[in-house]
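Student: Just passing along the structure, written as structure tokens.
The values are calculated or read from the model by the stated rules, or taken from the named source; none is laboratory data. Nothing here was measured: the structure is a model prediction, and the numbers come from that model. Neighbour counts are summed over all protein chains in view; Cβ atoms, including those assigned to glycine, are modelled from backbone coordinates with ideal geometry. Surface areas here come from the heavy atoms of the whole protein model, side chains and all, with no ligands, DNA or RNA. Shrake-Rupley method; radii C 1.70, N 1.55, O 1.52, S 1.80 Å.
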Amino acid sequence: MSSIRDLKDFLDHSHSPYHAVANLAARLDADGYTRLSEGADWQLEKGGKYYFTRGGCAVFAFRIPTADPVGFSIAAAHSDRPSFKLKENGVLEGKYTRLSVEGYGGMLIGTWLDRPLSLAGRVQVATEHGAESRLVDIDRDLLLIPNLAIHMNRAANDGYKWDLKSDTMPLFAGADKKATFQEILTEAAGGEILGQDLYLYPRMDAALWGSEEEFISACALDDLQCVWCCAEGFKNAKESASIPVLSIFDSEEVGSSSMQGADSNVLERLIRRICAACGLDADRMLSNSFLVSADNAHALHPNRPEMADSTNAPLINGGPVLKFNANLRYTTDGLAAAIFRSVCRKAGVNVQTYHNRADIPGGSTLGHISMAHVSVPTADVGLAQLAMHSCYETAGTRDSLDMVRVMETFYGLTLTRDEQGFALN
Ligand code: ZN
């Protein structure tokens with residue numbers, strides 16, 4: 001049974017994309033999934049449950065039905081979040097010791113200041129014959145980026161342009177430190193570091209709050225909330241004649257073009273390999289397939305409602321959101337909307353809609369990128385949230401559980417379609 005406490009636990013232990021994927025992999029292990037290697041020969045059996053990871057920060061899970069499959073039911077979400085990445089030679093010595101960091105993705109910078117931070121990610125530790133990938137999460141209040149006092153920055157409340165080469169360097173130590181940063185990092189890694197992908201994260205745990213605990217605030221709700229909802233729905237779903245695929249990509253916040261992003265070959269290759277191993281025709285299978293691209297959406301803002309479209313402004317806890325854009329920054333078309341609405345109807349869950357205000361260019365997401373590699377009807381959906389790309393974002397508790405039900409329903413249905421329409425059974 002999926003619970004908000006479990007979502008909170010997942011968020012509190014997923015301080016980097018690598019940790020989120022490791023947590024998902026551990027859950028799949030506990031549920032009896034077989035871990036595959038991309039470099040091995042795949043022997044897939046009917047009724048089998050499988051997954052593999054790529055790059056340590058993307059994970060793909062699927063089950064082979066016992067009945068003859070007719071298509072794929074795919075959900076996609078992303079493991080990464082905007083943050084600051086530690087640079088190489090990232091220690092700035094002086095009267096204070098600071099770290100040198102570089103922005104990853106489009107964060108709301110001011111939210112990162114004046115709060116305890118630490119570092120999490122993955123390192124490559126030297127071994128006799130090469131290197132071993134290890135997770136690192138320095139689990140203590142280690143760093144902080146201090147604001148400039150209002151007396152030294154009188155314009156701070158009038159719109160301030162951050163100077164990224166100086167304003168955002170986290171403070172690590174005063175003059176009399178006992179251990180160098182490199183010593184602390186090497187100890188956390190347990191050996192000599194040959195390579196690193198380490199990101200700042202804020203030290204606050206997720207909070208359930210509001211008059212009825214209707215809100216959840218946490219780091220990286222975009223997109224770990226959807227990751228968790230898709231993973232729970234995937235896990236809970238009954239068998240259908242569609243092959244259920246859970247795909248958690250990395251690199252969405254920087255354009256998806258990495259080895260494990262939506263703009264890589266990973267999903268298409270997965271589909272081809274499943275079909276080859278099961279004796280299925282991939283092109284015919286794809287003609288009965290559907291992709292739900294799940295990435296959070298902007299809720300109507302309580303203080304700035306004028307920023308939203310007048311008739312397509314979703315509310316927190318109003319249900320999952322279908323996202324539309326005439327220029328296909330969101331892929332949802334009439335067919336994909338009808339398929340997703342039908343799934344929500346079967347799940348008994350309300351569905352909302354989102355358009356950008358016509359004069360405000362919006363973001364983009366996984367859907368139109370994965371569409372170029374796996375061309376199936378795709379709905380861009382998400383959960384309504386506030387303060388997207390703040391280091392501490394806010395969304396709805398009830399929405400989370402509603403989305404689990406929708407994804408569980410989606411994965412339990414068999415889609416068939418042709419040019420005349422579709423059926424979901
Ligand atoms: Zn996102």
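Student: Report, by residue number, each residue of segment 388-412 that is open to solvent by 10 Å² or more (accessible area, probe 1.4 Å) and within 16 Å of the chain's Cα centre (by Cα).
Tutor: The answer is MET388, HIS389, SER390, TYR392, THR394.
Student: Right, something else. Out of the residues in segment 353-371 that are small (Gly, Ala, Ser) and under 17 Å from ILE248 (Cα atoms), state the one that is farthest from the ligand (Cβ to nearest atom).
Tutor: Restricting attention to segment 353-371, the residues satisfying the condition of being small (Gly, Ala, Ser) are 358, 362-364, 367, 370.
Adding the requirement that they be under 17 Å from ILE248 (Cα atoms) leaves 364, 367, 370.
Working: SER364: 10, GLY367: 11, SER370: 14 Å.
Within segment 353-371, the match that is farthest from the ligand (Cβ to nearest atom) is SER370.
Student: Continuing with this model, one more query. Select from segment 378-419 the residues that are polar (S, T, N, Q) and either within 16 Å of the ligand (Cβ to nearest atom) or part of a loop (DSSP other than H, G, I, E, B) (or both) and list them in ascending order.
Tutor: First, the residues of segment 378-419 that are polar (S, T, N, Q): 378, 385, 390, 394, 397, 400, 409, 414, 416.
Within segment 378-419, THR378, GLN385, SER390, THR394, SER400, THR414 qualify.
Student: Within segment 290-306, restricting attention to residues that are charged (D, E, K, R) and away from the ligand (no atom under 16 Å from the Cβ), which residue is most open to solvent (accessible area, probe 1.4 Å)? First the steps, then the outcome.
Tutor: Looking only at segment 290-306, we keep the residues that are charged (D, E, K, R), and these are 295, 304, 306.
The next check asks that each one be away from the ligand (no atom under 16 Å from the Cβ); those that pass are 304, 306.
Working: ARG304: 124, GLU306: 87 Å².
Among residues in segment 290-306 that are charged (D, E, K, R) and away from the ligand (no atom under 16 Å from the Cβ), the one most open to solvent (accessible area, probe 1.4 Å) is ARG304.
Student: Next up: List every residue pair whose Cβ atoms lie under 7 Å apart, where the two residues are 6 or more positions apart in sequence or sit on different chains, the first residue falls within segment 190-212 and is without any contact (Cβ under 8 Å) to a residue 60 or more places away in the chain, and the second residue, located anywhere, is open to solvent by 40 Å² or more (accessible area, probe 1.4 Å).
Tutor: If the second residue must be open to solvent by 40 Å² or more (accessible area, probe 1.4 Å), the pairs left are TRP209/PHE215.
Student: Oh, and also: Only one of these is under 16 Å from TYR33 (Cα atoms), within 16 Å of the ligand (Cβ to nearest atom) and touching a residue at least 40 places away in the same chain (Cβ under 8 Å): ALA231, ALA218. Name it. Please lay out each step first, then the result.
Tutor: On the way: ALA218 fails: under 16 Å from TYR33 (Cα atoms).
One residue alone meets the criteria, ALA231.
Student: Also: Which of the residues belonging to segment 307-324 are surrounded by 19 or more Cβ atoms within 10 Å (Cβ to Cβ) and in a loop (DSSP other than H, G, I, E, B)? Full working, then the answer.
Tutor: In the first step, residues of segment 307-324 are kept if they are surrounded by 19 or more Cβ atoms within 10 Å (Cβ to Cβ); the result is 308, 313-314, 316-324.
Result: ALA308, ALA313, PRO314, ILE316, ASN317, GLY318, GLY319, PRO320.
Student: Within segment 260-275, track down each residue that is in contact with a helix residue (DSSP H, G or I) (Cβ under 8 Å, 6 or more places away or on another chain), at pLDDT 95 or above and open to solvent by 50 Å² or more (accessible area, probe 1.4 Å).
Tutor: Selection gives ARG272 alone.
Student: Separate question: Name the strands (runs of 3 or more DSSP E) wholly within segment 49-92 that hold at least 3 residues that are at pLDDT 95 or above, of a type in the set (Phe, Trp, Tyr) and more than 16 Å from the ligand (Cβ to nearest atom)? Write out each step before concluding.
Tutor: On the way: elements: 49-54, 58-63, 71-78, 83-92.
Those strands (runs of 3 or more DSSP E) span 49-54.
Student: Based on what the data block shows, is ARG134 part of a strand (DSSP E or B) and either modelled with pLDDT under 95 or of a type outside the set (Val, Ile, Thr) (or both)?
Tutor: On the way: part of a strand (DSSP E or B): yes; either modelled with pLDDT under 95 or of a type outside the set (Val, Ile, Thr) (or both): yes.
The answer is yes for ARG134.
Student: GLY103 - would you say it is at pLDDT 95 or above and part of a loop (DSSP other than H, G, I, E, B)? Even if it seems obvious, please write down each step before you answer.
Tutor: On the way: at pLDDT 95 or above: yes; part of a loop (DSSP other than H, G, I, E, B): no.
In short, no.
Student: With respect to ILE109, determine if the residue is of a type in the set (Val, Ile, Thr), open to solvent by less than 20 Å² (accessible area, probe 1.4 Å), touching a residue at least 40 places away in the same chain (Cβ under 8 Å) and under 29 Å from SER258 (Cβ atoms). Outline the logic, then answer.
Tutor: On the way: of a type in the set (Val, Ile, Thr): yes; open to solvent by less than 20 Å² (accessible area, probe 1.4 Å): no; touching a residue at least 40 places away in the same chain (Cβ under 8 Å): yes; under 29 Å from SER258 (Cβ atoms): yes.
When the stated conditions are applied, ILE109 does not pass them.
Student: Then there is this: Among the residues of segment 210-259, what is the count of those that are within 15 Å of GLY412 (Cβ to Cβ), assigned to a loop (DSSP other than H, G, I, E, B) and open to solvent by 30 Å² or more (accessible area, probe 1.4 Å)?
Tutor: 2
Student: Follow-up. List pairs: first in segment 112-127 and within 16 Å of GLY56 (Cβ to Cβ), second in a strand (DSSP E or B) and at pLDDT below 95, Cβ under 8 Å, 6+ apart or cross-chain?
Tutor: Correct list of pairs: empty, since none qualify.
Student: On the basis of being within 16 Å of the ligand (Cβ to nearest atom) and at negative phi, does LEU224 make the cut? Spell out how you get there, then give the answer.
Tutor: Numbers: within 16 Å of the ligand (Cβ to nearest atom): yes; at negative phi: yes.
So LEU224 fits the description; yes.
Student: A follow-up question, please. Applying the selection to segment 12-52, what residues are open to solvent by less than 40 Å² (accessible area, probe 1.4 Å) and among the acidic types (Asp, Glu)? Lay out the reasoning, then the answer.
Tutor: Quick first cut of segment 12-52, residues open to solvent by less than 40 Å² (accessible area, probe 1.4 Å) only: 12, 14-22, 24-25, 28, 33, 36, 42, 44, 48, 50-52.
Residue satisfying the conditions is ASP12 alone.
Every residue, every condition in (1) modelled with pLDDT under 95; (2) more than 22 Å from PHE410 (Cα to Cα), yes or no:
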position: ASP295; (1), (2): no, no
position: ASN317; (1), (2): no, no
position: PRO320; (1), (2): no, no
position: ILE339; (1), (2): no, no
position: PRO361; (1), (2): yes, yes
position: ASP380; (1), (2): no, no
position: THR394; (1), (2): no, yes
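Student: Continuing with this model, one more query. Among the residues of segment 248-287, which ones are of a type in the set (D, E, K, R) and within 16 Å of the ligand (Cβ to nearest atom)?
Tutor: Taking segment 248-287 and keeping what is of a type in the set (D, E, K, R), we get 250, 252-253, 263, 268-269, 272-273, 281, 283-284.
Selection gives ASP250, GLU252, GLU253, ASP263.
Student: Got a number for residues in segment 128-139 being farther than 10 Å from LEU194 by Cβ and in contact (Cβ under 8 Å) with a residue 24 or more places away in the chain?
Tutor: Going residue by residue through segment 128-139, those that are farther than 10 Å from LEU194 by Cβ are 128-129, 133-139.
Filter once more, keeping what is in contact (Cβ under 8 Å) with a residue 24 or more places away in the chain: 133-138.
Looking only at that region, the number is 6.
Student: Check whether at least one residue in segment 148-158 is closer than 30 Å to CYS230 by Cβ and open to solvent by 60 Å² or more (accessible area, probe 1.4 Å), and report yes or no.
Tutor: Within segment 148-158, the subset closer than 30 Å to CYS230 by Cβ is none.
Checked segment 148-158: no residue is closer than 30 Å to CYS230 by Cβ and open to solvent by 60 Å² or more (accessible area, probe 1.4 Å).
Student: Here's something else I'd like to know. For the subset of segment 325-340 comprising residues that are within 16 Å of the ligand (Cβ to nearest atom) and assigned to a loop (DSSP other than H, G, I, E, B), which member is surrounded by the fewest Cβ atoms within 10 Å (Cβ to Cβ)? Let's see the steps before the verdict.
Tutor: Initial filter on segment 325-340 (within 16 Å of the ligand (Cβ to nearest atom)): 325, 329-332.
Of the ones still in play, those that are also assigned to a loop (DSSP other than H, G, I, E, B) are 325, 329-330, 332.
Values: ASN325: 19, ARG329: 17, TYR330: 29, THR332: 24.
Ranking the candidates gives ARG329 first.
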